[in-house]
Structures are given as structure tokens and as C-alpha cells.
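Each value in this text was obtained by applying a stated rule to the coordinates, not by laboratory testing. What you see is a predicted model; the values in this text were computed from it and never measured.
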Amino acid sequence: MVHRINGDLANDLGNLFSRALSMVVKYFDGLIPNPSNPQEVDRRLQEVSEKVLPQVSQQMDDLAFNKALATIWEIVNAGNKYIDETAPWALAKAEKDRPRLGTVLYYTLESIRLSALLLAAFVPSTSEKIWPGSHGGKYLEQKITENGKWGGLKPGRKVAKPSPLFPRIDPAKISQGA
């Protein structure tokens with residue numbers, strides 16, 4: 001359990017969320033940037049997300065919740081791979097790369113938005129933490145059929161500095177009974 005929380009939740013989803021939002025706050029004053037001129041690497045992230053949506057829907061209908069979670073994690077893993085491949089921290093060093101930086105951060109945030117929407121059935125409070133009020137109301141009231149399409153994230157919306165979604169658990173403290 002500790003491995004899952006520290007690995008899948010804290011490292012994979014939590015770190016992706018924290019890195020992306022922190023860069024938007026730092027480089028775009030907290031305003032979600034406009035994407036422009038998507039490249040092949042951007043389209044691959046979008047394709048993973050678009051492929052996952054109908055699969056998760058079918059798996060949920062089949063009550064295959066473990067498969068649905070594994071499928072949702074394909075977006076999270078693709079988002080982490082994408083951010084490593086595109087290196088937005090390096091793009092931020094040159095003003096000429098600012099449009100590309102905006103595209104990379106938008107695509108990363110969009111993959112996180114879709115992950116959060118899909119994860120709402122499993123971890124509703126975490127989904128609310130990811131996008132509090134960013135869609136004009138309760139996030140859990142969003143419907144996957146209406147809001148589960150790529151490009152639903154509205155550029156220009158303000159995001160705040162993130163707080164940790166999943167604080168790491170120290171296994172030593174658990175074994176000590178703390």
C-alpha cells in the first residue's frame with residue numbers, strides 16, 4: 001500500500017500535477033497558456049488520452065475497476081513521459097521558445113484534467129483538489145460525456161500554486177507505529 005501511494009499517487013500523478021502547475025504559475029503568472037503549433041510529441045499525448053476515454057467507459061460498465069484504473073494510468077504515465085521528453089524547464093530559458101513552452105504546459109495540464117475527470121469515481125476529493133473551481137462549478141458535477149474530450153481546458157484561466165496531492169508516507173514511521 002505504501003509503495004502504491006508513494007509510487008503511483010505521489011510520484012506519478014502528484015509530481016506531474018505539481019510540476020506542471022508550478023511552471024504555469026512561474027512562467028505564465030498562473031494563467032493557463034494557449035497552445036500553438038502542436039508537434040508530433042504533442043499529438044501522441046493527445047492520442048493516448050483520446051484512446052483511453054472509451055476504454056475506461058467500457059471497463060466501468062463491465063465493473064472492471066482495476067482495469068479502468070490501469071487504463072487511466074496510461075494517461076498519467078504518458079503525461080510524465082511527455083514532460084520529460086519536452087523539457088519545459090529548458091524551453092523556459094529562451095524567450096523565443098515561449099510559444100512552445102505554452103503548448104507543452106497546456107498539453108500537460110489537459111492530460112491531467114482528463115485524468116482527474118476519470119479518477120473522480122475513485123478519488124473524488126483528489127479530483128476536486130486538482131481543479132477546484134476551474135470549470136465554473138463543482139468538478140464532480142462534470143460529465144465525462146460532455147467534458148471528456150481533448151481541448152476542454154480553457155486557456156487564460158487562473159491556477160494557483162499547487163499543494164501536495166499525496167504526501168509521501170515514510171515506511172519507517174509506519175513500522176514504528178507513528
**Study point:** Per residue convex hull volume, Cα atoms of region 1-128, in Å³
**Key:** 103 Å³
Point to revise | HN-Hα J in Hz across region 49-63 - Karplus 6.51, -1.76, 1.60, θ = phi - 60°, x for Gly and Pro | key: 4, 5, 6, 5, 3, x, 5, 5, 4, 5, 5, 5, 4, 7, 6
Revision key, fill the gap. Residue-ordered couplings for region 29-46, obtained by feeding phi - 60° into the Karplus form 6.51 cos²θ - 1.76 cosθ + 1.60 and rounding to whole Hz (Gly and Pro as x), are 6, x, 9, 4, x, 7, x, 8, 6, x, 9, 4, 4, 5, 5, 5, 5, 4
Exercise for review: Quick one: of Lys51/Lys81; Lys26/Lys96; Lys26/Lys158; Lys96/Lys154, which pairs are farther than 20 Å apart, Cα to Cα?
Suggested key: Lys96/Lys154
Study note, to complete from the structure: Between Leu31 and residues 5 or more places away or on another chain, the pairs with built amide H atoms under 5 Å apart involve Val159
Check your understanding: Taking N as the number of residues in region 8-69, what is its alpha-carbon radius of gyration divided by 2.2 N^0.38 Å?
Key -> 1.46
